[in-house]
Amino acid sequence: MSHNLKITNSLTRKKELFKPINPKQITMYACGPTVYDNPHVGNARTLIVFDVLFRVLKLIYGNVNYVRNITDIDDKIIEASKKNNSSINELTKKVSKVFHENCKALNCLEPTKEPKATEHIKEMIEMIKSLILKEFAYESGGHVYFSVTSFKKYGKLSNKNLDELKSGARIEVSNLKKNSMDFVLWKPSNKEDPGWDSPWGRGRPGWHLECSVMSEKFLGKQFDIHGGGLDLIFPHHENEIAQSCCNNSTDEFANYWIHNGFVTINNEKMSKSLGNIITISKAVKKYSGQVVRLALLNAHYSQPLDWNDKLLESQRATIDKWYNLYDESYDENLLDISESLLDDLNTPGFIAKIHELYNSASKGDDKSKKIFNSSCKLLGLFDIDKEHWDEFKRSNRDITETFILQKINERLDAKKKGDFKSADKIRNELLDKGVIIEDQKEKTIWKYK
């Protein structure tokens, strides 16, 4: 299957034709979760974007080696375990379990490999020793730092020079560093905190090191695609490039860098301080994994996406409508991948195409129906049949009979006043929530659709 896929490369800030190193095996790495707290809908967006890219690459090339790591050692994890009075092992196991349940609920395919940081400490120590030997890193007071001035291309991914990065970054202040921008590769651990023996004393690795080590182990010194959220460009991905290129004596690390935009909540930044974090578990329980998935694909992956009830309710109504044409006998050979997905993974364009296919299929076009079902499957939708979808809807009603009757009375009052616009609005509001109302001679009856 020959298709020309174009993706916007954060490294060059241009939309480029994707040219794999080896078309017989595509190599892709995406930064996974730091398992200190339950994942939220912002994390879900990254998961879903790279899952769709994984599906598209599999369709075009067949063989895709997709690696997504789990960070199970980090300062945030140590802090959270102390706060929760639980061991680090208990915390990371519990959060990892929730993460995997979330992936399943969102119908994300399993990556080819899912390595954990703690399983690769030995390799991390080896890379640090190599960087010191090559004079890209130095030991100071039990810490090991990477010397950013030793890597001439530092700042290329974030498109900033060292002075710009210095003024805009939250820098860890330490008189052990030669340069304030130098970042830690190894740090000492006290007795209570987890640690491993190393040539520099008992300690633990810096956050950035693990991805350099694990991507090389499973994908090689140079691979096709590296991705994650927009917030990882600096310092995380910038530091990965520096470590890997210096250690491996290569000009490039990953050929294409892809970053997805942030999720806001009702146009406010999602943050713990504002108390507006919505976990994936809560979102899929209320709306279903499919609705959450479709909502997060509603904007182009590179753009911000606002999470609000109006968006979710409209996506729920769309999925509900689409299930009217659910068919298990879809034909993979009829699948038209469409120019929109090939054009920088333009999911809003592809969703518009699915709406068109639905309209054609509704008029009895059997071919459109098969392509419609295939297209929904490609986006990771229709993971359950119509019977199970209807069952989910019945068990997840978030409106009471009291609420429905109240709305019917409000509508009757509006009609008596001749305010038919408000009456129609109430009818549509109930319809969006899965309730059909019907006016009879002397009363209005209702039923779930």
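Assorted remarks:
- Other residues lying with their Cβ under 14 Å from the Cβ of residue 190 contribute a combined charge of +1, Lys and Arg counting +1, Asp and Glu -1.
- Net charge contributed by nearby residues that have their C-beta within less than 11 Å of residue 157 (K/R +1, D/E -1): +2
- Descending by average beta-carbon neighbour count within 10 Å, the peptides 97-110, 204-217 line up as 204-217, 97-110, the highest first.
- Ordering of 277-287, 189-199, 173-183 by packing [mean C-beta count within 10 Å, highest first]: 277-287, 173-183, 189-199
- Antiparallel content of DSSP bridges confined to region 19-147, in %, to 5: 35
- Largest to smallest in accessible area, the residues 424, 306 fall in the order 424, 306 (1.4 Å probe, all protein chains included).
- A 1.4 Å probe run over the protein chains yields, for the chain, 49 Å² of accessible area per residue, whole-number rounding.
- For the chain, calculated [θ]222 nm from helices alone, where every DSSP H run of n ≥ 4 adds -39500 (n - 2.57): -13500 deg cm²/dmol
- Among beta bridges identified by DSSP and lying wholly in region 160-278, the antiparallel ones come to about 50 percent.
- Residue 367 - accessible surface, heavy atoms, 1.4 Å probe, Å² rounded to 10: 120
- Ligands, DNA and RNA left out, the accessible area of the chain computed with a 1.4 Å probe is 48% carbon and sulfur.
- Counting only heavy atoms of the protein chains and using a 1.4 Å probe, residue 265 has close to 10 Å² of accessible surface.
- Taking the square roots of 5 times each eigenvalue of the Cα gyration tensor of region 49-139, largest first, gives ellipsoid semi-axes of 29, 24, 9 Å.
- Accessible area in the full protein assembly, largest first, 1.4 Å probe, for 51, 439: 439, 51
- The residues packed around residue 69, meaning those with a beta-carbon under 11 Å from its beta-carbon, carry a net charge of 0 if Lys and Arg are +1 and Asp and Glu are -1.
- For GluC sites (Glu not before Pro), the sites in region 385-449 that DSSP calls loop and that have at most 10 other Cβ atoms within 10 Å are 442.
The values are calculated or read from the model by the stated rules, or taken from the named source; none is laboratory data. Since we're looking at a predicted model, the values are computed, not measured. When we count neighbours, we look across all protein chains shown, and the Cβ atoms used for this are built from the backbone with ideal geometry, even at glycine. For accessibility, only protein heavy atoms count, side chains too; no ligands or nucleic acids. Shrake-Rupley method; radii C 1.70, N 1.55, O 1.52, S 1.80 Å.
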